[in-house]
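One structure below.
Values quoted throughout were computed directly from the atomic coordinates according to the rules given, and no laboratory measurement underlies them. Note that the coordinates shown come from a computational prediction; the quantities given were computed from them, not determined experimentally. Glycine gets a Cβ as well: all are built from the backbone with ideal geometry, and neighbour counts include every protein chain shown.
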Amino acid sequence: MKCFVTECESTAQGLLWQGKPYCNQHYNELMSNAFEEEWSQWDDDTQPSPWLLSLFGRFLEEKWTVNGLLSKARVRDRGFNFIKNDTGFAFEITRHPGAFTNSNPYSVNRIVQMWNVSMQEGRVDLLNERPWTTSDPE
Ligand SMILES: [Zn+2]
């Protein structure tokens, strides 16, 4: 099957964008443009739109480098305190280190990690960790 872009002769790679097949290059362009567009419309004082988080999730799954242990699928649902910055954004997520090896269910260990997302570089880096507080999501 050919790429959905009329003037493109490349074969579609099985990557669907809004239900239509594209080659890798055009799929990447469409996704990057949509992501940057939605990011630029993100008001500093608000949390990102569901569409922006959905695009972010796709980049995490398919494209980007994650420097650290991050459960990609959970970021979209569990990320909080999103803060827009010049090159992307940062967010926090509650983690449960050792949750599956801890034999005492009453002493669940929680920490909050802050991650930085660089859209230009296509990478996500762990910035720091802090103790979990009762005002943070579980
Ligand atoms: Zn194409």
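Here are the numbers:
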read-out	value
0 to 90° range, to nearest 10: angle between helix 50-62 axis and the chain longest Cα axis	80 degrees
Net charge over other residues, Cβ less than 12 angstrom from the Cβ of GLY88 (K, R count +1; D, E count -1)	-2
Tilt relative to the chain, helix 24-40 - C-alpha long axis, 0 to 90 degrees, to 10	50 degrees
Structure-based [θ]222 nm, the chain - -39500 (n - 2.57) summed over DSSP H runs of at least 4, per residue, nearest 500	-8500 deg cm²/dmol
